[in-house]
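The structure appears below as structure tokens.
FYI, it's all coordinate maths here, none of it is from the lab. Small disclaimer: the values here were computed from a predicted structure and weren't measured. Quick reminder, even Gly has a Cβ in these numbers, built from the backbone with ideal geometry, and neighbours come from all protein chains shown.
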Amino acid sequence: MEDTSALRKLLDRDEFKFSQNLDRKTEGLVFDKRTIDAIFQVFKEFHIRSLDFPISSGKEALVFKIISEKGPMVMKIFKMSTLKFQNIQKYIDGDPRFKNYRKTRGNIVYLWARKEFSNLQLCHDMGIKVPEPAGFKENILLMGYVGTKKSPAPKLKDVSEDKREKYTIHAMIQYREMVEKAGIVHADFSEYNILCHMGKSYIIDLGQAVSVKHPMAEEFMKRDMENMKNYCARNNVEFQEDWIPEIREDDQDE
């Protein structure tokens, strides 16, 4: 029988590559030795039984549905060689929550995984619909799975026309609570970062999300709102001004 597992697909796409001086030269590699070691540690520490199927394969991360002893989860693996320091530095440097962390090209990906976990945890604790954070290790993030046995929940951009307004409204409510209750701004909010499942909208991809105390928080939020205004205009959904959160001056004071 043909092996169609997620691991087999990875191997067939040469996602695991080996060369001389692997620890010193990772440019062009998807998974270096450190990542492979971390994967084995994650499987052991979090009691992962198997990889189920790939959810997405982007330039900066690979996302899988996995099966643990507690049920389905998501494993997000940030790529060591393609997550660019200069692209993500501005989302970390101005965030007071991470001002005491050492930021180097060598550890920036690990810090990015920690940052997304922290953002998920903060939102989850405040009752905001996000995948439930489960843990992280180095450049690997574990979180709850949103979807069915056969497939992950669709993104807002992919839902049918008759469901767009309902999911958009719920997504905007979640966004406003994320800013006003959890005190963070997504900074990359769009129809691509919203999962729609059983009448609820889940905000995903929170790695770049910043504290409202970040000096660019208001600018990032305006960009998020423009993204959603454009989506609404293209999809015959009325954008409501009361969806826009308020960042209070006392929120921005250190």
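Remark: the range 156-252 carries a charge dipole of roughly 300 debye about the Cα centre, counting +1 on each Lys and Arg Cβ and -1 on each Asp and Glu Cβ. Residue by residue, the range 128-140 carries 3J(HN,Hα) couplings of 7, 6, 9, x, 5, x, 10, x, 8, 8, 6, 9, 10 Hz when phi is fed to the Karplus relation 6.51 cos²θ - 1.76 cosθ + 1.60 (θ = phi - 60°); x denotes Gly or Pro.
How would V212, V109 line up from fewest to most surrounding beta-carbon atoms within 10 angstrom?
The fewest-first ordering by Cβ neighbours comes to V212, V109.
Going down the list K155/K200; K70/K155; K76/K155; K44/K137; K76/K137; K76/K200, which pairs span over 20 Å between their C-alpha atoms? Beyond 20 Å: K70/K155; K76/K200. Annotation for the range 146-254: trypsin sites (Lys or Arg not before Pro) lying in DSSP loop with at most 16 further Cβ atoms inside 10 Å of their Cβ are K149, K150, K181, R248. Histogrammed with a bin width of 10 Å, the alpha carbon distances of the range 43-113 distribute as 18, 37, 29, 15 percent, first bin at zero.
Using equal-weight Cα scatterers in the Debye expression, the normalised intensity of the range 156-252 in log10 at q = 0.11, 0.25 Å⁻¹ is -0.29, -1.39.
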